[in-house]
Each structure stands twice: as C-alpha cells, then as structure tokens.
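Asks: After the structure tokens below, expect a handful of questions from me.
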Amino acid sequence: MLKKHTFHVAGTHCASCKILIEDVLGEQSLVKSVEVNLRKETVLLETESEETPEEIAKILTEKIKPNGYTLSVEKTVSENIKYDVIWKAIPVGLFFLGLFFLLQKSGILNLGIGGTTTPLTGFVVGLIASVSSCLAVVGGLVLSLSAKVSQDNVSDKKNFILFHAGRLVSFAVLGGILGALGQAIGINFTFTSILGIIASIVMLVLGLNLTGVLSKNHITLPSGIFNFFRKIEHKTFTPLAIGFGTFFLPCGFTQSMQVAALSSGSFVSGFLIMSAFALGTLPMLALLSFGSASFAHGKHAPLFFKSAGIVVIGLGLFALLGGLVALGIINPLFNI
Amino acid sequence: MNKTSLIAITILILGVFGFVFIMGSSGNPAVVKNVEVKDGIQYVNIDAGGGYSPKVSLAKAGIPTKLIVKTSGSFDCSSLLSIRSVGFEKVLPPTGETEVDVGVPVAGVPLRGVCSMGMYSFLVNFE
C-alpha cells in the first residue's frame, strides 16, 4: 500500500539540489515517487515501506548524507545557527578583504624588476602577480568556483587538478605561439575588460549564493540555468576550459608577460616565459582551490562558505568597478 | 560569541581599514614639476609603476602636448595604459619611456589615463 510522508530536508542551498535529491532518492527501491520543495525545504515521498517515518528518514538520510543533506521528521532548528554564522562570516570576510587591499596599498608589491625578461623573471613576476590585484579577478574566480564546486560536492580535487593543468598547459602553449608569431593575440584591452566584467558578475552571483543571500530570499536563478551549470560542472572539459580562459582575464602582470613572450622571438622562449609565469602563480591559486576543498569538508564549512562569499563579493565589486572604469563607462572611484 | 560583539568587531574592522585608506589617500602630494615646454611642445611627465604619479597634473591648454610615460621595471597593471580620448592603448615596455601625442588640448577638457584593470588612473587638467 502506498503511503505518503513529508520530511524536512536540511542542506539545500541551490536549485540543483532539488534535482540531485530527487535523482538519488528516486533510485531507492522503497521510494515510489519523490518531490522536493525547495522553498519549504521539504520532501514529499510516496513509499510502500511499512516502517515508521523516523526509520525511513534514517535510511534515506544515509543515501544523501554524502551530498550534505539530511532528512528529518521534525524540522531541525538550524535557522538560528545559520543566522549567527553570517555574523561571524562578515568580520572574517572583511578582515581578509582589508588585508588584501592593504597589501596593494603598501607598495611592497611594486618592486621594480629590471633587465630582460627571462623565465626566472617570469616566475618571480608570477609569484608577485598571484598576491597582487590580479588576485581580485583570477583568485576571486578560483575561490568562488572552488567553494561552489566543493559545496555542490562535485569531485572537487579532480576538477582542481584539471583546472591547474589546463592553466599551465594553455599558458605554456599560448606563450609559445605568441613567441613564434611575434603578434598580439588576446591583448586587446576592450576584450579583456569585457571578459573581466563577465568574471566579476560570475563572482558576484556565486558570492551571494555562498553567503546564502540568494537562497534565503529565493532569488534563485531559473532552474534551466542551474541545470546547465550542473551539467557542465560534471564535464571534464569545463575546468580545463576555465584554466585556458584565465590566460585572457585582465591582469597587468599576465598581459606584460604576454608582451614579453611575443617579443621574445621564438616558440621555445615564449613557451618558457609563460610556463614559468603560470608556475609562479600556481602556489597561491592551488592554496585557494585545495584550501577551499579541505575547509568545505571540515567542521567549519558553513563559516568558510559564508566568509568566502563575502570575500568574493568584495573582490567581484572591485573587479567590476575596475572593468567599467577601464572601458571608460564610469570615472575612477578609487585609486589604490 | 553573541551577535552584538560580532557587529562591534565588524564596525571596528571597517573603521581601522577605512582610517588607513583615507589617511593614505588624502595627504596632498607636494606639487611636482612634471610639465616642461621645449621647442614649442609641452611635455607632461608621468611615472608608471604601482600606479601613476603624479595622479593629477596641471598643464597649459592650446599648445601641442605630449605625454612622456616612464616605466622602470614595471610589470603591473600601470604598464597597460589606455587613454581613451586620444585612442591610445598600449602595453608599455617594462623599462623605458613612451611618448604619447595628445594633440592640442582644450582648456577644461582633462585627459584621463587608466590601466587595463581600471584600478590605477591619472588625470591631466588643462587651463
């Protein structure tokens, strides 16, 4: 005999959660039909099982626990906890943003590097670039995507490795091509600025999503878009493509290195300069992505996601305003 | 920790960083003599590297003017200069001087240069 049960579900934070939960629960033999209501955070089940709702909730929680969801008969009182976390996350996030902008203002990143550009200079410039204002665009994007990927429990480590591999290989190869051609590709300011603005919008959306503002007020994106994201999140080429795309993101250092590569005169020297530069940026970016993964699986995960969200929103705003200034749409509001 | 103390910490952090930034940005820089006229051409000198200096310059209108942008070991954003009003957009050499012909400026129409990420800029006023 079919029985209907309504359970409360905790841990839903995105539109794609609905699809994921319905997929997983729908595969269980004791479940006849399943419908997730994200707004009410409930799951409506039809089952032939004769067990008590508590038992069913326990069995099914086992199945979706790895994805970060729990089912319960009583609504768990997590609302208050959530509320407190954001108040902890705001000072933490602001603190890191403040440190970042202080570092930019301090001028210690402006050490002049003279002489001709060798792969060694490329590496040092890469190290500096990875903590410079470029971090606002590239690092912010990496942090927001990493946190999101970890939160959605996609196989994060594999994706990060693919991203960094894609980045290293495309920098090296594109650097080589620049050196061989001796001609500018992708050094069009307008093009990079537009790309930077797109990246900053992605950061803002993901940042709001991570802090929970978007899901709280239910301004979720249409589920079509989330379906699309969910599909591409699982594709192998996505992290590779994003790694490739970072070559064209606005970053003074990257663009200077591209010019150095193209004036270097040969495929090999361009290849070496750009791969050394990408290697120099690797430690910081790897720290951001793999750090996200380890925090995301730790006990401070909610605080981490919300703090990361605040940082990403701050960096996204900085990148967005910068992009608009660079395109001549608005006048500079700040001059760090 | 309760919410009130967390809000207090937030305000404190905003206050401290805000103070540092405002103190760092104000402080009128001493007037730098970066404009010179040679053989009927006005040259405005700007240093690029970790931002532009001076951030605001004052030059004469009505005479042919050129900017001399000087870089020394600069790889950061300021070496990617764009001056939209004269259609200038170039990656400056890490070390060297770049001449930008800005024509004959009109009084009251300032010239603005920004770096490719938009966080550094400079302004040349003409009168």
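Asks: Hey, does the stretch B:55-62 have a residue that's within 15 Å of the chain's Cα centre (by Cα), within 12 Å of chain A (Cβ to nearest Cβ) and at pLDDT below 90?
Replies: Looking for residues that are within 15 Å of the chain's Cα centre (by Cα), within 12 Å of chain A (Cβ to nearest Cβ) and at pLDDT below 90, one finds at least one in the stretch B:55-62, hence yes.
Asks: Step by step: first the residues of the stretch B:90-111, then only those that are under 23 Å from A:S132 (Cβ atoms) and under 16 Å from the mean Cα position of the chain (by Cα), then the one that is nearest to the other protein chains (Cβ to nearest Cβ). Which residue is that?
Replies: Among them, the one singled out is B:V91.
Listed here are the residues, each with its yes/no results for (1) touching a helix residue (DSSP H, G or I) at 6+ places or on another chain (Cβ under 8 Å); (2) assigned to a loop (DSSP other than H, G, I, E, B); (3) at pLDDT below 80; (4) more than 14 Å from chain B (Cβ to nearest Cβ).
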| site | (1), (2), (3), (4) |
| --- | --- |
| A:R39 | no, yes, yes, yes |
| A:L60 | yes, no, no, yes |
| A:N80 | no, no, yes, no |
| A:I113 | yes, yes, yes, no |
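Asks: Looking at A:F267, A:F277, A:F247 in this structure, which one is in contact with a helix residue (DSSP H, G or I) (Cβ under 6 Å, 6 or more places away or on another chain), modelled with pLDDT of 80 or more and closer than 19 Å to A:I201 by Cα?
Replies: Checking each option against the conditions leaves just A:F247.
Okay, residues lined up against (1) surrounded by fewer than 22 Cβ atoms within 10 Å (Cβ to Cβ); (2) more than 13 Å from chain B (Cβ to nearest Cβ); (3) free of Cβ contacts under 8 Å to residues at least 60 places away in the same chain; (4) among the basic types (K, R):
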{"position": "A:M274", "(1), (2), (3), (4)": "no, yes, no, no"}
{"position": "A:L287", "(1), (2), (3), (4)": "yes, yes, yes, no"}
{"position": "A:P302", "(1), (2), (3), (4)": "yes, yes, no, no"}
{"position": "A:F305", "(1), (2), (3), (4)": "no, yes, no, no"}
{"position": "A:I330", "(1), (2), (3), (4)": "yes, no, yes, no"}
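Asks: Follow-up question, since we're still on this one. When the stretch B:73-89 is examined, which residues are found to be on the phi < 0 side of the Ramachandran plot, outside any helix (DSSP H, G or I) and more than 9 Å from chain A (Cβ to nearest Cβ)?
Replies: Result: B:L81, B:I83, B:F88.
Asks: Quick check on A:S155: is it crowded, with 24+ Cβ neighbours inside 10 Å and among the hydroxyl-bearing types (S, T, Y)?
Replies: When the stated conditions are applied, A:S155 does not pass them.
The values are calculated or read from the model by the stated rules, or taken from the named source; none is laboratory data. Note that the structure is predicted; figures quoted are calculated from it, not measured. Cβ sites come from the backbone with ideal geometry, for glycine too, and all protein chains shown count toward neighbours.
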